[in-house]
Each structure stands twice: as C-alpha cells, then as structure tokens.
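Down below is the structure, laid out as structure tokens.
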Amino acid sequence: MLKFSKQTMLMAALLAMAVPGQADDWDDDPWDDDVSAFEWYGFIEGAAGHRLQSNPVIGDDFSLGELRLQLEGRYEGDVATWRMKLDGIADGVTDEFDADLREAMVSFPFGERTDVRLGRQVLTWGTGDLVFLNDLFPKDWESFLIGRDDDYLKGTSDAARISWYGERINLETVITPLFEPDRFPDGQRLSYFDPMQGDIVGAPPRLRGVKPPRTAENAELALRLHGRAGAQEWALYGYRGFFPQPSAFDPESGQFTFAPMNAVGGSLRGPLAGGLYNLETSYYDSRDNRDGDNSLLPNSEIRFLAGFEREMVTNFTMGAQYYLEWLQDYSAMRRNWPMDPATLPEERRHLATVRLTWRMMRDNLIVSLMNFYSPSDDDYFIRPTVQYRHTDQLQFNAGINLFGGSEASTFYGQFEENSSIFVRLRYSF
C-alpha cells in the first residue's frame, strides 16, 4: 500500500478517470455498435466499524472508517489481455490517504496448452471455506477482521503464474520473486497477543516482521497438479517459501521474522449425499527447526480439513468443516518453551466451523452466519452478516465480528476486545 503526502492529487486523478465513464453512460447512439477493446468499471464505497467494547491498548473506538474508490480497467488486445485495479482510500482511522494497486498484469497464451499471467495479481487455490491449508498466497487478515469486503481477504502478489492444461492433468506454477507476507493485525487497528511480553499489546510500535533478504534463493515457488477422476476433483500441492506470518523471533535483533518452510499436500472435492464434500491435508516443514527444539521458531505441523456443504431447503444452505492443526515434535517444544507455560499452544488444535446462508428476494437479500469454535482452545469467532442489493449499482452490507475465549493467548481469544460492528454502502459504476 502506497502513501501520499499530497492526498488530493491522487483522489483528483481517480475522480478524473471516473468522469469519462459517466459520459459513456450518456452515449446511447444506436448506430455506434463498435465494441471497444478497452473497458473499465469500479465503485465508490463508504465503510465504518465501531468496537463493541473499549480496548485499553487501542486509543480509538473505530476500527474502520474509510471512503474507497476502486477503478478497474481491462484491455483485450490481439495477443494479450491487460488488467489493472487500483484503490484509493481516504482513511479516517489512520488519518492517511492511501493507494492500493491490487492488479497490474498481462495474460497471454503460450502455445496451445499454456497460459501465462505476469504482474501484480490475486492468487488462490485450495478447498476450505475461510480455512487455508495449501493456499499459502498472502492474505489480508486485518481487512477481514475489521469488516472490509471479503474480497480483500485475498492479498496481492507480484508473481508469474504459468498454467499448463493436459488431456487429464493440469499443472500450475507460481513464482513470486520477492516474498510477500500476510497483512496481519499489527496493533494499529487491532490489538494482538505478544508471546514475548505475555500480554495483549497495541501500537506503537506496530508489529513489523523482518522479511527475508531479497535474493533469488528466497523466491517463493508454488505448484499445483490437478485434474478430475469422474466427478471428483483432485489436486496435489507443493510450496517452498516462508511461513506467511511473523511467527519466529530473533533474540539478537529483538524482531519477529518469517521462518522458512516447505509444504506438500493434497485435496479432494466432489458430490456426496446431495451436497458437496471436500478433504484437504498439508504438511508444513519448518526448515530451520526440524527437531522442534527451538521454541523461537515455529514447529513443523500437519493440517487436515474435512468439509461438507448442502442446500437443506430451497435457498437455505449449510456448510460445516472440521479442521486440525497438529504440532510435530511437541515434547521438544514443551521442554524448551522459554515463555509463560500458560501460553504454550495445544499440541492439537481442533476447530469446527458452521456457515448458514439464506438467500431471499431473488438473491437481493443474503443473510449469513459463520461460526468458528475451537474446543481445544476454548475460543470462538461468530460473524453474522447481511447483504442487500437495492439496485445493480447500490448495495448495503453490515455485520458483526464477535470474538471470545477463556485465554488471551489463543487464536480468537486474543481478539476479544476487538469485537466490532461494521456497515458498508457501495455504489458501482
């Protein structure tokens, strides 16, 4: 995300780009039926989020307050397609004006079976519903937890994606030259649990993990081999890079860092009992801590996910998932744990999710309830939302992020004082 001191310059530029779009709407010449290779669209959105309780380490009751203008353009050339998506944000929480380039890429075929996509782009794969195992592309957790549109949960990467399509199997290769981590709660909008201090903390200072050096050796490589066997979709995954969040700590610099990791996994998805099931597993290899005896580095772990979704009655859908994180070499980790023993993670973290979705008024009104509950951590995250589309241009969204838990050190328990209500109003053009 880029920041500008002369805030009005960028907003003026974005608004100036929007003006021709209004002019196009008025151009209704029936004889002018040439289809332009260039098209653009976008939206203006106002959003606000307010805490449900005071947070003693965050000096602002608002976690979200912004006016966002997004412009998206697409040019269909003879040999390539160009895309760009740029957000301009007037942020009332940080009192800053930011620009976020979410897409700037070109895609083109290479031979008869290969597609290439180069540039800044959003990448995703895997089978989970808001639970990610083999999808190690960057996520913007802060955006999701404060109530921005779910699309912003997916972060962006400067990458090359090469997709090869065979008769029965397909191969996708993603190379990210410079490691791109998650956007995580850093203490500015959301407080978090700092294991080194053994307490909930906020900014300043903001949590900033030290990225690995920009070398060819530290480039990220992600592979997905996938295909179909009858009605079943299968996939095998491989990854070489880093844990996406600063889960390692360097005692010499006193800074959190991103530990190197390898990952392998697989998934299945297909029809079952009138619904759709999904299975996924992954093994995270913590390359610098394979014995598990360095508690300042993440342990290797096995992750497993099983899910099922079905329309129970017309327009009412229920989805449920069971998710497991199993830390490896747990005995060595426990023996060498340097912090408060009460903050030692569970060896096996169990998580259950349930999503209920009710679509009404020809999908113009959608009410959803997503629940996360961990019996091992005894914490939860409940997220009811409502979406109302008044017209094709005007849409309203609202929801609640409700966190809780018996311990401040658990995944959802640490966010209890960040519980909030949010609203968004969007005009698309």
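Given R₀ = 56 Å, what would the calculated FRET efficiency be for Ala332 paired with Phe38, taking r from the Cβ atoms and rounding to 0.05? The formula returns an efficiency of 0.45 here.
The amide H of Asp140, built 1.01 Å from its N in the peptide plane, has Lys154, Gly155, Arg183 as neighbours under 5 Å, considering only residues 5 or more places off or on other chains.
With a Förster radius of 45 Å applied to the C-beta separation of Leu394 and Arg310, the computed FRET efficiency comes to 0.90. Heavy-atom accessible surface of Thr124, to the nearest 10 Å², is about 60 Å², with a 1.4 Å probe and all protein chains retained. log₁₀ I(q)/I(0) of the range 111-182 at q = 0.17, 0.22, 0.26 Å⁻¹, via Debye over equal Cα point scatterers, no solvent, to two decimals? Those come out to -0.72, -1.03, -1.21, one per q. Accessible-area rank, largest first, for Thr353, Thr94: Thr94, Thr353, with all protein chains present and a 1.4 angstrom probe. In the context of the full protein assembly, Met318 retains an accessible surface of approximately 70 Å², using a probe radius of 1.4 Å and ignoring ligands and nucleic acids. When Phe144, Phe108 are compared by accessible area at a 1.4 angstrom probe, the order from most to least is Phe108, Phe144. With the whole protein complex present, Met333 retains an accessible surface near 20 Å², based on a 1.4 Å probe.
With every protein chain in place and a 1.4 angstrom probe, the accessible-area ranking of Arg269, Arg214, Arg355, largest first, reads Arg214, Arg269, Arg355. Using only the Cα atoms of the range 38-132, each taken as one equal point scatterer with no solvent, compute I(q) by the Debye sum, divide by I(0), and report log10 of the ratio at q = 0.15, 0.19 Å⁻¹. Each listed q corresponds, in turn, to -0.83, -1.02. Cα axis of helix 7-26 to longest principal axis of the chain: angle in degrees, 0 to 90, nearest 10? Rounded to the nearest ten degrees, it is 40.
Here the gap between Ile382 and Glu252, fully extended at 0.36 nm per residue and compared with their Cα-Cα distance, gives a gain of 42.9 nm.
Legend: Rg and Dmax of the chain, from Cα coordinates, 22.8, 79 Å.
With the helix formula -39500 (n - 2.57) applied to DSSP H stretches of n ≥ 4, the chain reaches a computed 222 nm mean residue ellipticity of -2000 deg cm²/dmol.
The values are calculated or read from the model by the stated rules, or taken from the named source; none is laboratory data. Owing to the predicted nature of the structure, the values given are computational and were not obtained by experimental measurement. Every residue, glycine among them, receives a Cβ derived from its backbone with ideal geometry; neighbour counts consider all protein chains shown. Side chains included, ligands, DNA and RNA excluded: accessible areas come from the protein's heavy atoms. Shrake-Rupley method; radii C 1.70, N 1.55, O 1.52, S 1.80 Å.
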